[in-house]
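Q: Would you mind keeping the following structure in view while I ask a few things?
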Amino acid sequence: MLDLILKNGLVCDPANSIQSILNVGIRNGRIACLTSEPLPAAAEIDCTGHIVSPGFVDAHSHEDDLREGHIEADITLRALRQGVTTLVTGNCGDAPRDLPAYCAAYDGKQPVNMALLAGHTTIRRLCGARNKYAPVDEATLAAMCETLERQLTEGAKGLSMGIRYEPGMTLGEMCAMAAVVKRFGGVLAAHVRGDAFEIYDAIEEFLEIGRRTGVRLQISHIGSMAAYGQMAEVLSYVDRRAAAEGLDVRIDCYPYDAFCTSIGATTYDDGFLDRYHDVTRIELTDGEYKGFIPNMEVFEKVRREHPEYLTIAHVMNGAEVDMALTHPRTMLGSDGVLLNGAGHPRAAGAFARFLAQYVFERKLLSLNEGIAKTTCEAAARFGLDRGTLGVGRAADVTVFDPKRLQDKATFAEPALPPEGVRLVLLGGVVALQDGKVLHTDLGKIL
Ligand SMILES: [Zn+2]
């Protein structure tokens, strides 16, 4: 007998080209059958009028910090509430320093599954490189490659680079590290060196790493890099180079026209207004100047005194974000990142917002395309045994009401969970039902 059956939902499983009304049978934490037969089960949930999807897989997020042996479930809980069952984290060069310690504190104690990348900047620091603007010497680079190799052995799915945040990284340094990733068959993700008019050189530099090493590439949050008038040219350039040279390139993006980073980041080094033009479109999420920044004096004062404060920069062009998200190379990545619970609404709303707007309201993508971008594509890219409802696979399932699905998180209230997420299962166990979180400890390290 089955443990649970999800009855009469519209099952959408792009990996297996399934889109029809079926019953999903679950036994021992795995998908046991997809059938139109009414099978006996110990429990059943009627999903009539709902879409039954593989649990969402977030192609690009960040992890909650490990502090004194404990990880606060903040990003992970917001993920669960929007139907995400797996996060790919360790992005933008910044990952846990001690992977085994992080994994031990995480496994079986957090709401969603996690796959970690190693972080280039983190490894740079571990090996003694303190100056983000300076290149590393040969001995340091050798130690970095060795550390990366160890972390890939410990389960990292690849390496992330935050080239923008660590300008001292040279092409030679990056290629040496990328060659290690290639040997392990991992992915190299990067927040590339520049945005706006700097994006063309930045993308070319990143493609050159792929050209020289053969590593699989992932361009991080393309919206915040190129939605300032460059998106069409960048996407077509990537397509042309990939086709001509056999480069393996994917992209992730979040569905908002504002980005989020700390005020102390190199993003705001001298000359940043050449790219974003207007300081009053930058918002602070913390401190006495919380809200929109009135002038450069305030900006510089906060940058000096509180470089860790997060900013939201409302400077991107929405039509170019649409262009990125509807491109076949692009997968959904929330880029969820928080400081003291504050931050960008994307951590709580990206997935619901993407499906609601792009699939159901504006119909820029078919249901199949939208679900593929939120499930199987990221799972396949990072080699995760998730993202499909194939028989025998782990029963991570998200059930939502397509008529009610709606993100609620806003810049003013970034933590609000979306509406319309009916059910989230991890390993066959119901973790969330009708907005109520039932389990927060089902997440595994993948
Ligand atoms: Zn980034």
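The values are calculated or read from the model by the stated rules, or taken from the named source; none is laboratory data. Note that this is a predicted model, so its numbers are computed, not measured. Every residue, glycine as well, gets a Cβ built from its backbone with ideal geometry; the counts of neighbours run over all protein chains shown. These area figures cover heavy atoms from the full protein model, side chains too; ligands, DNA and RNA do not enter into them. Shrake-Rupley method; radii C 1.70, N 1.55, O 1.52, S 1.80 Å.
Q: With a sphere of radius 13 Å drawn around the Cβ of THR375, what net charge do the other residues whose Cβ falls strictly inside it have (Lys, Arg +1; Asp, Glu -1)? Numbers along the way, then the final one.
A: Working: positive: LYS373, ARG381, ARG386, ARG393; negative: ASP13, ASP58, GLU369, GLU377, ASP385, ASP396.
Neighbourhood net charge equals -2.
Q: May I pose another question? Select from the chain the helices, each a whole stretch of DSSP H, whose alpha-carbon atoms run 15 Å or more along the helix axis and whose Kyte-Doolittle mean is at least 0.5; answer none if there are none.
A: Passing helices, by number: 171-183.
Q: Counting Lys and Arg as +1 and Asp and Glu as -1, what is the net charge of the other residues whose Cβ lies under 13 Å from the Cβ of LEU217? Intermediate results must be reported in sequence, preceding the final value.
A: Values: positive: LYS182, ARG211, ARG212, ARG216, ARG241, ARG250, ARG329, ARG381; negative: GLU204, GLU205, GLU208, GLU245, ASP248, ASP252.
Local net charge: +2.
Q: Now for a different question. Determine the equivalent ellipsoid of the stretch 80-126 by diagonalising the alpha-carbon gyration tensor, then write out the semi-axes as square roots of 5 times the eigenvalues, largest first, rounded to whole Å.
A: Each semi-axis is √(5λ); the values are 22, 13, 6 Å.
Q: Rounded to the nearest whole Å², what accessible area per residue is found for the stretch 190-310 with the 1.4 Å probe? Don't skip to the answer; put the middle values down first.
A: Numbers: 4840 Å² over 121 residues.
Per-residue accessible area for the stretch 190-310 comes out at 40 Å².
Q: I need two numbers for the stretch 267-321: Rg to one decimal and Dmax as a whole number, Cα atoms only, in Å.
A: Here Rg and the maximum Cα pair distance are 11.3, 36 Å.
Q: A follow-up question, please. What is the distance in Å between the Cα centroid of the stretch 380-446 and that of the stretch 192-209?
A: With the stretch 380-446 and the stretch 192-209 each reduced to a Cα centre, they are spaced 34 Å.
Q: Here is a follow-up. Given only helices, namely DSSP H runs of n ≥ 4 each adding -39500 (n - 2.57), what is the per-residue ellipticity at 222 nm of the chain, to the nearest 500 deg cm²/dmol?
A: Taking each H run of at least 4 residues, the total per residue is -8500 deg cm²/dmol.
Q: Report, largest value first, the span of the C-alpha coordinates of the stretch 175-216 along each principal axis, in whole Å.
A: Result, largest extent first: 34, 16, 14 Å.
Q: Using a 1.4 Å probe, how large is the accessible area of ARG27, given in Å² and rounded to the nearest 10?
A: For ARG27, the solvent-accessible surface is approximately 100 Å².
Q: Counting pairwise Cα distances across the stretch 187-328, what percent come out greater than 26 angstrom?
A: 29 percent
Q: Using the C-alpha gyration tensor of the stretch 305-379, what are the square roots of 5 times its eigenvalues, in whole angstrom, with the largest one first? If you can, show how the numbers build up before the last one.
A: Numbers: eigenvalues 140, 39, 24 Å².
Semi-axes from the Cα gyration tensor: 26, 14, 11 Å.
Q: Give me the net charge of VAL24's neighbourhood, meaning all other residues with Cβ under 13 Å from the Cβ of VAL24; Lys, Arg count +1, Asp, Glu -1. Intermediate results must be reported in sequence, preceding the final value.
A: On the way: positive: LYS7, ARG27, ARG30, ARG393; negative: ASP3, ASP13, GLU37, GLU44, ASP46, ASP396.
Net local charge, VAL24 excluded: -2.
Q: Equivalent ellipsoid semi-axes for the stretch 223-266, as square roots of 5 times the alpha carbon gyration tensor eigenvalues: give them largest first, rounded to whole Å.
A: Numbers: eigenvalues 129, 29, 19 Å².
After scaling each eigenvalue by five and taking roots: 25, 12, 10 Å.
Q: So what does log10 I(q)/I(0) come out to for the stretch 394-444 at q = 0.17, 0.18, 0.21, 0.26 Å⁻¹, using the Debye formula with one equal point on every Cα and no solvent?
A: One equal scatterer on each Cα of the stretch 394-444 leads to -0.57, -0.62, -0.78, -0.98.
Q: Further question on the same structure: Mind putting together the pair-distance distribution for the chain? All Cα pairs, 10 Å bins, whole percent per bin, short to long.
A: Result returned by the calculation: 5, 22, 32, 26, 12, 3, 0.
Q: If I stretch the segment between THR48 and ALA179 completely, what's the gain in nm (0.36 nm per residue apart, minus their alpha carbon distance), one decimal?
A: On the way: separation 131, 0.36 × 131 = 47.16 nm, distance 4.96 nm.
Additional length available on full extension: 42.2 nm.
Q: Once you compute Rg and the Kirkwood Rh from C-alpha atoms, what is the Rg to Rh ratio for the stretch 55-138? Let's see the in-between values first.
A: Values: Rg = 14.2 Å, Rh = 13.7 Å.
Rg divided by Rh gives 1.04.
Q: Restricting everything to alpha-carbon atoms, can you work out Rg to Rh for the stretch 1-148 with a Kirkwood hydrodynamic radius?
A: On the Cα set of the stretch 1-148, Rg over Rh gives 1.15.
Q: Any idea what log10 I(q)/I(0) is at q = 0.11, 0.12, 0.23 Å⁻¹ for the stretch 326-446, Debye with uniform C-alpha scatterers and no solvent?
A: -0.39, -0.47, -1.59
Q: Using only the Cα atoms of the stretch 147-265, each taken as one equal point scatterer with no solvent, compute I(q) by the Debye sum, divide by I(0), and report log10 of the ratio at q = 0.21, 0.24 Å⁻¹.
A: Evaluating at q = 0.21, 0.24 Å⁻¹ gives log10 I(q)/I(0) of -1.23, -1.47.
Q: Please state the charge dipole magnitude for the stretch 1-87, taken about the Cα centre, from unit charges on C-beta atoms (+1 on K and R, -1 on D and E), reported in debye and rounded to the nearest 20.
A: Computed charge dipole of the stretch 1-87: roughly 340 debye.
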